[in-house]
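The values are calculated or read from the model by the stated rules, or taken from the named source; none is laboratory data. Predicted, not measured: the structure shown is a model, and the values here were computed from it. All Cβ positions, glycine included, derive from the backbone under ideal geometry; neighbour counts span all protein chains shown.
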Amino acid sequence: MALAAVGGSPDFTALDDGKITRFQYKIMFISGMGFFTDAYDLFIIGVVVAILKPQWSLSTGQVSLLNSATLAASAVGAILFGRIADILGRKRIYGYEVLILALGAIASAFAPNFTFLLVSRVILGIGIGGDYPVSATIMSEYAGKRSRGKMVGLVFAMQGAGLVIGPLIAAILLATHVPTGIIWRVLLGLGAIPGLAVFYLRRQIHETPRFAQAGGDEEEARAAIAAATGASTLRGARPESTARHQQSVLEGFKTLASSRRMFLWLIGTAGAWAMLDFAYYGNTISSPSMPTARCSTTRSCSCSSSWCSPFPVTRSRSSCWTGRDERRFSVSDSRRWRLRSCSSGLCPEQRPWWRRSSSSSG
């Protein structure tokens, strides 16, 4: 499994045609934890806003800002960190973006007011945006041709895990007697843990072999290929690569536009991704606010500002939390504990119109 002759160009044959190695699975985990953290931090705000809205008397505009500020900031972070990674190298900044992410998550957990929380979410979004392009690119450039789709797919699958784990933790906490004023802070603070857990591992890897070769550091490229194919093992911190790719933004766009094939690929993939995200992020982030119900001691509900757990607290009961006074109100009827609280007519005083007619006629 020759990598290349000393002083010659790196040989990518062993990397492209070889089987998936333990090191590549490690890169998948390191990169995937970034996607896991990104999804958790992005989508947990929907639950948090549903809790905070009555407590802080948030207006519709403020709710919209909290839900969208992180997404807008992530676009800025992706452009900024993506450009830095294209010039200085992937490994040069890899890991530091999760420190920004963690700073925003921890600051959000200690937010005393709306403005502080909004600024913290913007900082968080910049870190999330920085992680998206760098993590995906590192996995892509460390994977071989035969396994690239699989490995990148596994990295993105971690995003789905983060999307599920966040609401699950929220449901478990909301089913306890912990005050909601503490729960939302815990939910936001937990978003810092996964990223911080892989920071050290991110700083130990080589520069990606493909960027190292393109940037003129062929020795680093050979070392990275050897690590990826299992020909050598990494021990201790790696020195920074000297690989650089000096190209202005304008030159980069000119190169892209001059290749019709590459330009069409960009339009096709970016356009499809934009349409997916429009529905994916828009619906999912706001979903905790859609089926909400306000529960009171008079057993009446109105689709409003409290957050209803989609998991039953006991065998035959589901629970709604009123964000204003943090009282739990149990609603009997285990057949309707899912996210259909208001529309399924859980509260007899405010049955839907299609049930009122049937009951009145009888």
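Some points to look at:
- Considering each residue of segment 45-66 in turn, none proves to be among the β-branched types (Val, Ile, Thr), closer than 26 Å to GLU240 by Cα and touching a helix residue (DSSP H, G or I) at 6+ places or on another chain (Cβ under 7 Å).
- Candidates VAL152, VAL134, filtered to the one that is within 19 Å of PHE35 (Cβ to Cβ), part of a helix (DSSP H, G or I) and in contact with a Phe, Trp or Tyr (Cβ under 6 Å, 6 or more places away or on another chain): VAL134
- Filter pass, LEU80 being in a helix (DSSP H, G or I) and under 23 Å from THR242 (Cα atoms): yes
- Positions within segment 25-56 being crowded, with 22+ Cβ neighbours inside 10 Å and polar (S, T, N, Q), in sequence order: SER31, THR37
- Any hit, segment 9-29, residues being among the hydroxyl-bearing types (Ser, Thr, Tyr), under 24 Å from ILE183 (Cβ atoms) and assigned to a loop (DSSP other than H, G, I, E, B): no
- Test for TYR96: is it assigned by TED's automatic domain parsing to the domain that holds GLY189, surrounded by fewer than 24 Cβ atoms within 10 Å (Cβ to Cβ) and closer than 14 Å to ALA228 by Cβ: no
- Any hit, segment 18-26, residues being basic (Lys, Arg), assigned by TED's automatic domain parsing to the domain that holds ILE183 and under 20 Å from the mean Cα position of the chain (by Cα): yes
- Total residues in segment 251-265 satisfying the condition of being at pLDDT 85 or above and either within 27 Å of the chain's Cα centre (by Cα) or not in a helix (DSSP H, G or I) (or both): the figure is 1.
- Set PHE156, PHE116, PHE110: member being closer than 30 Å to ALA226 by Cα and either of a type in the set (Phe, Trp, Tyr) or not assigned by TED's automatic domain parsing to the domain that holds GLY189 (or both): PHE156
- Counting only residues that are in contact with a Leu (Cβ under 9 Å, 6 or more places away or on another chain) and either modelled with pLDDT under 90 or buried (at least 19 other Cβ atoms within 10 Å of the Cβ) (or both), segment 166-196 holds 10 of them.
- Among the residues listed as LEU163, LEU154, LEU201, the single one being on the phi < 0 side of the Ramachandran plot, of a type outside the set (Gly, Ala, Ser) and at pLDDT 90 or above: LEU154
- Some residue of segment 103-110 being under 24 Å from the mean Cα position of the chain (by Cα), over 30 Å from LYS150 (Cβ atoms), part of a helix (DSSP H, G or I) and free of Cβ contacts under 8 Å to residues at least 12 places away in the same chain: no
- Pair list, Cβ < 9 Å and 6+ apart or interchain, from segment 267-284 residues that are closer than 16 Å to ALA75 by Cβ to residues that are of a type in the set (A, V, I, L, M) and assigned to a helix (DSSP H, G or I): ASP277/LEU71; TYR281/LEU42; TYR281/LEU71
- Condition met for ALA73 (aliphatic (A, V, I, L, M) and at pLDDT below 90): no
- Residue match in segment 214-229 (condition: over 28 Å from the mean Cα position of the chain (by Cα), surrounded by fewer than 13 Cβ atoms within 10 Å (Cβ to Cβ) and farther than 25 Å from VAL164 by Cα): no
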